[in-house]
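Inspection log for the structure reproduced underneath, given as structure tokens.
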There are 2 protein chains.
Amino acid sequence: MTSKLLSRRDLDFVLYELLDAQALTARPRFADHSRDTFEAALDLSESVATDFFAPHNRKSDENEPTFDGDKVTLIPEVGTALKAFVDVVLMAAEHDYEYGGMQLPLTIAKACFAYFKAANVGTAAYPFLTIGNANLLLEHGTPEQIDTYVRPMLAGRWFGTMCLSEPQAGSSLSDIRTRAESRPDGSYRLFGNKMWISGGEHDLTENIVHLVLAKIPGSPPGVKGISLFVCPKRLVKADGSPGERNDVVLAGLNHKMGYRGTTNTLLNFGEGKFRPGGEAGAVAYLVGEANRGLACMFHMMNEARIGVGLGAVMLGYAGYLQSLDYARHRPQGRHPANKNPADPQVPLIEHADIRRMLLAQKAYVEGALTLNLYCARLVDDQKTAPEEGVRSEAGLLLDLLTPIAKSWPSQWCLEANSLAIQIHGGYGYTRDYPVEQYYRDNRLNPIHEGTHGIQGLDLLGRKVVQQGGAAFKLLGREIEKICKEAASSRDTVMFARALGEAAARAGLTTDKLYAAGNLDKTLANASVYLEMFGHVVIAWIWLKQAVVAAKALADGKGEEAFYRGKLQAAGFFFRYELPKTVQWCELLQSLDTTTLDMKDAWF
Amino acid sequence: MTSKLLSRRDLDFVLYELLDAQALTARPRFADHSRDTFEAALDLSESVATDFFAPHNRKSDENEPTFDGDKVTLIPEVGTALKAFVDVVLMAAEHDYEYGGMQLPLTIAKACFAYFKAANVGTAAYPFLTIGNANLLLEHGTPEQIDTYVRPMLAGRWFGTMCLSEPQAGSSLSDIRTRAESRPDGSYRLFGNKMWISGGEHDLTENIVHLVLAKIPGSPPGVKGISLFVCPKRLVKADGSPGERNDVVLAGLNHKMGYRGTTNTLLNFGEGKFRPGGEAGAVAYLVGEANRGLACMFHMMNEARIGVGLGAVMLGYAGYLQSLDYARHRPQGRHPANKNPADPQVPLIEHADIRRMLLAQKAYVEGALTLNLYCARLVDDQKTAPEEGVRSEAGLLLDLLTPIAKSWPSQWCLEANSLAIQIHGGYGYTRDYPVEQYYRDNRLNPIHEGTHGIQGLDLLGRKVVQQGGAAFKLLGREIEKICKEAASSRDTVMFARALGEAAARAGLTTDKLYAAGNLDKTLANASVYLEMFGHVVIAWIWLKQAVVAAKALADGKGEEAFYRGKLQAAGFFFRYELPKTVQWCELLQSLDTTTLDMKDAWF
């Protein structure tokens, strides 16, 4: 087994050779930074992840959080690891100096976080949820809310959660029932149940800051009547320290197939166990405007979804490196044409089918990592590019790519985990090797933070058509640009042609779907569209990588093996994967109604 | 949650409307049987599986077998369930009256077993391994070996195992090292280690009969020097009862991701813990001829592989029924075109994407069940058809279809399990619902009993070309036959055309692969070939079902919903799945060398 979590060479390739992260240091916000400070942050992340997060990944899985009716217990290594994370200021890696942060570009911060997700996705969830929570409050909270809640979160003294789903309303937020009653002092009291709340209860920190979606009685029905509230586990005293217990009570833990290190909870708000201030209900405060809660939440959705996607990528990446190591060291069998059993066995990696499974993993995980860091770069551009045009284009492209950045790794890096198991044979199916846990952990990702089906509807029903298809057209121009560059090298010209055709096919398909003139019909196969679109996007990302690699080879920059590997993985994706889009497009263009016509009674 | 394990209506459709199982009662071997006796066996199986196997499926998963260094402990429900199975003579369902059997056709026996696999694949493994062991001894053992070992196994007093793999030799049996030293009395002494031995140790029965592959010193290297031995845990006394402990010792249990109810072991033979007869080595007896062990083993491989395939099918089937039940009862969201949040939520099954996931599962699991029972029917024909031509053709087709019957369900019914989880949303990821266990259990199936990669090599490297491609041509004629029938109905004519084209493409692809004139190149993408071929086979199986359904509808036989469902699932397979073969064939025909050209250093 290898202790390597991620290929640093690959990461450097993406960050510096492809995304030109160094150029960000020219912007005022990042003026104190340099490639050296980036490297230092990455080195630190790798070492904290390796030393504190990876060692208890299996132990967390085997000893999931327990609840004795009063208190949740986690293995002590989780607290130790999170303390190490907080001590090196990674909680505020991307945040302003004003909040004690490092003011790193998100591109670099996400690259740092990648190590933690690879090392221990369960433990890493606590700080990442907290960061998401803090970012939402930074965007929509009052200065007082920021001082009260964000500062202790970014200092790592408190953690945060996101409370959206309810037992009767998972994907359909429109149907949440948690009630927020206003009080004369401007505060609210919450009553209701929230389901699937990660990090909802623990003793890791002295307080937990819940962000809760709820409805104020009299608000419009559906999503237009949802408001956002901040609701701490312990009320905050005037001096900023945690005081009286609020009426947010753990009703139970969910016991999952994987991702077991992360406490996942059902929380009751205002059930009456505590009566803060002698009154019923969990004390909460409105964040932003009333009835605009979902819009606030969506504001953070892009980053949250990229975060989930990156988690899926890193589980895939970690499994890829494990299976590569195994394939290099395990002797098994001989080449098909060699019938001499007296010859020694060859390592697994010598077999074409094993190499197919390794190449597929490489194509999936390196493609998806690049896409996710590209999206982080778009966030940086959206927030800090000097030109308004660059900022708005970055936002546009980000909106379009987010469903892919979330869903594609959730599907294909999970498939990578399955291939990693397969390469290990029977050993991969045992708990003595890490790959089976990656596979179980990763199966969560197509479900939470918007299921696959929801991402498909978001992409086809909204993103590709919003602003008259502006984002879609922008992606088309980006694809054209890289195709033009790629056309000048013998190594990439065929890829450029294939991508151009695929992009044209995707455009035609979108048009035909909307020509149906019936929304139910247009969206019936939105999940297939999501898969198709995702493959086109990843082909584009691979072409970007291939162009850089081909140029490096042409320039004789050395490291030939590394760049050849990039071209070969690109070749794999273009030959084995991209052609799948032909069939998906044909199906979509036919406006097939097999699923719509199917009747309940026919099953 | 539903307690339904399998749709009896569907099973009846396959057995009687498609496979004409009743016709088997005309053969002398099955003369005592009738549809009534078949029904009785199926009813009995359903009730024993439901009452004794299903209830502890989750408990077995949560309480896997333990080993205290001396003794293996299983939860008591396993023993109770197996006693119930044995008491109703299911252990010998397919066997001769002479051995206390029911002499049921294998088609019916496998349908009976399907219930147990759906109910509890971990507990069901013990008798099914025993049956496989017994069948091998019945075929190759001496009358004395049959009396000594087979009778107590079929009576359920002893269980059996298959000991092939070793820690250093998984897929490559050529490299096993277990040594069999001959003794003057004609017996042998075994020395070596066997890995992945299911049912290798337990206290469920008073004895365990191991069938072991080993090498006699001086034998040829490789597979031509492998012999088969029977080696009981306890030596058998003259009166047939178990006596002195043999030197087969449990070295450790494997701890798996799923399939946890089945003890999986590393066994040491002849390590010296016991000295039977005062001498070193585990006492064993040659089965069949020396150096012909692998041939003996392969003789049983078809049935063992169909058995594994059927296990994969039934895990998929059970998950399908669970997700169907969930989708019918869980309200969530509204149709895309309905923007009124005041309207009540609709059940999940109303959503097109949920129906897509249900239809996909239906297409996978009903297709695969039909294929596996079709293969069982071929075994019946091979053994009992009155005409020699029918017998030999059945054997030929069976050889060709076996890699598909094993691998296709292992891949696609696992995918069905993933879809079943997805339909359940977050709940599906918890251990409160059964689908996550099915997914973990099913992940074993692409690994054991010949990995996916091995099945691909078996199919492309051997089965499609053996006897001048006779089996392949036979399948072609079968496909032509059903296409002709299908052409006469409006419901099926398009499917017939698509299948005809796909079959022609598969033939052309095979030719082009062999035209490479280089075995390594021909076989480089054998796994892709396996997938492609599998989809063609399942399309053929679906066309068979569609033809029966279309005819039933045309004849106004009633049960319109059932038959419409069959046609719709067939339509799903032909529209969503079969077109994938176009891209796979193109890749194969290009004799792509991406994987062969990839170098270790490039990863």
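Residue-by-condition table, conditions (1) among the polar types (S, T, N, Q); (2) open to solvent by less than 20 Å² (accessible area, probe 1.4 Å); (3) more than 25 Å from B:Pro76 (Cα to Cα):
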site: B:Tyr126; (1), (2), (3): no, yes, no
site: B:Leu129; (1), (2), (3): no, no, no
site: B:Arg157; (1), (2), (3): no, no, no
site: B:Thr161; (1), (2), (3): yes, yes, no
site: B:Asp175; (1), (2), (3): no, no, yes
site: B:Asp185; (1), (2), (3): no, no, yes
site: B:Val212; (1), (2), (3): no, yes, yes
site: B:Ile216; (1), (2), (3): no, no, yes
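Say we look at segment B:3-25 and pick out the residues that are farther than 15 Å from B:Met314 by Cα and in a loop (DSSP other than H, G, I, E, B); which of these is most open to solvent (accessible area, probe 1.4 Å)? This residue is B:Asp20. Here are the criteria: (1) surrounded by 21 or more Cβ atoms within 10 Å (Cβ to Cβ); (2) of a type outside the set (A, V, I, L, M, F, W, C); (3) under 20 Å from B:Asn372 (Cα atoms). Tell me which single one B:Gln103 does not satisfy. Evaluating B:Gln103 over (1) surrounded by 21 or more Cβ atoms within 10 Å (Cβ to Cβ); (2) of a type outside the set (A, V, I, L, M, F, W, C); (3) under 20 Å from B:Asn372 (Cα atoms) leaves (1) as the failure. Residues in segment A:244-273 that are away from every other protein chain (no Cβ under 14 Å), out of contact with any helix residue (DSSP H, G or I) (no Cβ under 9 Å at 6 or more places or on another chain) and not hydrophobic (A, V, I, L, M, F, W, C): A:Asn268, A:Gly270, A:Glu271, A:Gly272, A:Lys273.
For every residue, the table says whether it meets (1) open to solvent by 20 Å² or more (accessible area, probe 1.4 Å); (2) out of contact with any strand residue (DSSP E or B) (no Cβ under 8 Å at 6 or more places or on another chain); (3) in contact (Cβ under 8 Å) with a residue 40 or more places away in the chain; (4) polar (S, T, N, Q).
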| site | (1), (2), (3), (4) |
| --- | --- |
| B:Val435 | no, yes, yes, no |
| B:Leu457 | yes, yes, yes, no |
| B:Thr510 | no, yes, yes, yes |
| B:Leu513 | no, yes, yes, no |
| B:Lys521 | yes, yes, yes, no |
| B:Asn525 | no, yes, yes, yes |
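Checking the conditions here, which among A:Gly450, A:Gly425 is at pLDDT 95 or above and either β-branched (Val, Ile, Thr) or within 25 Å of A:Trp412 (Cα to Cα) (or both)?
None of the others qualify; the one that does is A:Gly425.
Starting from residues that are assigned to a loop (DSSP other than H, G, I, E, B) and more than 20 Å from A:Thr262 (Cα to Cα), keep the ones in segment A:101-145 and report whichever is nearest to the chain's Cα centre (by Cα). Step by step, filter segment A:101-145, then rank; the result is A:Pro105. Residues of segment B:394-433 that are within 12 Å of another protein chain (Cβ to nearest Cβ) and open to solvent by 10 Å² or more (accessible area, probe 1.4 Å): B:Gln411, B:Leu414, B:Glu415, B:Ser418, B:Leu419, B:Gln422, B:Gly425, B:Gly426, B:Tyr427, B:Arg431, B:Asp432, B:Tyr433.
With respect to the conditions (1) closer than 21 Å to B:Met532 by Cβ; (2) within 11 Å of chain A (Cβ to nearest Cβ), B:Tyr439 lacks only one, and its number is (1).
Residue check: A:Asp592 meets all listed conditions (1) assigned to a loop (DSSP other than H, G, I, E, B); (2) more than 9 Å from every other protein chain (Cβ to nearest Cβ); (3) under 30 Å from B:Thr581 (Cβ atoms) but one, namely (2).
Pairs are defined by a Cβ separation below 6 Å, a sequence spacing of at least 6 or placement on different chains, a first member in segment B:475-497 that is closer than 14 Å to B:Gly571 by Cα, and a second member that is among the β-branched types (Val, Ile, Thr) and surrounded by 14 or more Cβ atoms within 10 Å (Cβ to Cβ); the pairs so defined are B:Ala486/B:Thr492; B:Ala486/B:Val547; B:Thr492/B:Val547.
For segment A:549-583, the set of residues classified as more than 8 Å from every other protein chain (Cβ to nearest Cβ), open to solvent by less than 20 Å² (accessible area, probe 1.4 Å) and not in a loop (DSSP other than H, G, I, E, B) consists of A:Ala549, A:Ala550, A:Ala552, A:Tyr563, A:Lys566, A:Leu567, A:Ala569, A:Ala570, A:Phe573, A:Phe574, A:Glu577, A:Thr581, listed by residue number.
So which residues in segment A:336-391 are open to solvent by less than 10 Å² (accessible area, probe 1.4 Å) and of a type in the set (S, T, N, Q), if there are any at all? Residues satisfying the conditions are A:Gln361, A:Thr370, A:Asn372. Checking each residue of segment A:278-295 against the condition of being part of a helix (DSSP H, G or I), open to solvent by 20 Å² or more (accessible area, probe 1.4 Å), within 14 Å of chain B (Cβ to nearest Cβ) and modelled with pLDDT of 95 or more gives no match.
Scanning segment B:220-269 for residues being outside any strand (DSSP E or B), among the polar types (S, T, N, Q) and either open to solvent by less than 10 Å² (accessible area, probe 1.4 Å) or under 14 Å from B:Thr178 (Cβ atoms) (or both) gives a total of 3.
Considering only segment A:340-350, I want to know if a residue exists there that is within 33 Å of the chain's Cα centre (by Cα), more than 7 Å from every other protein chain (Cβ to nearest Cβ) and modelled with pLDDT of 95 or more. So far as segment A:340-350 goes, yes, one or more of its residues are within 33 Å of the chain's Cα centre (by Cα), more than 7 Å from every other protein chain (Cβ to nearest Cβ) and modelled with pLDDT of 95 or more. Within segment A:400-434, the set of residues being among the β-branched types (Val, Ile, Thr) and either assigned to a loop (DSSP other than H, G, I, E, B) or closer than 29 Å to B:Gln168 by Cα (or both) comprises A:Ile421, A:Ile423, A:Thr430. Restricting attention to segment A:161-178, the residues that are within 11 Å of chain B (Cβ to nearest Cβ) and more than 18 Å from the chain's Cα centre (by Cα) total 10.
Screening B:Arg305 on (1) over 20 Å from B:Tyr439 (Cα atoms); (2) touching a Ser or Thr at 6+ places or on another chain (Cβ under 6 Å) shows it passes everything except condition (1). Among the residues of segment B:56-75, write down those that are at pLDDT 95 or above, open to solvent by 30 Å² or more (accessible area, probe 1.4 Å) and of a type outside the set (Ser, Thr, Tyr). Within segment B:56-75, B:Arg58, B:Lys59, B:Glu62, B:Asn63, B:Glu64, B:Phe67, B:Leu74 meet the criteria.
The values are calculated or read from the model by the stated rules, or taken from the named source; none is laboratory data. If you're wondering where the values come from, they're calculated on a predicted model, not measured in any experiment. FYI the Cβ positions are ideal-geometry reconstructions off the backbone, even for glycines, and counts take in every protein chain you see. Surface accessibility is based on the protein's heavy atoms, side chains included, excluding ligands, DNA and RNA. Shrake-Rupley method; radii C 1.70, N 1.55, O 1.52, S 1.80 Å.
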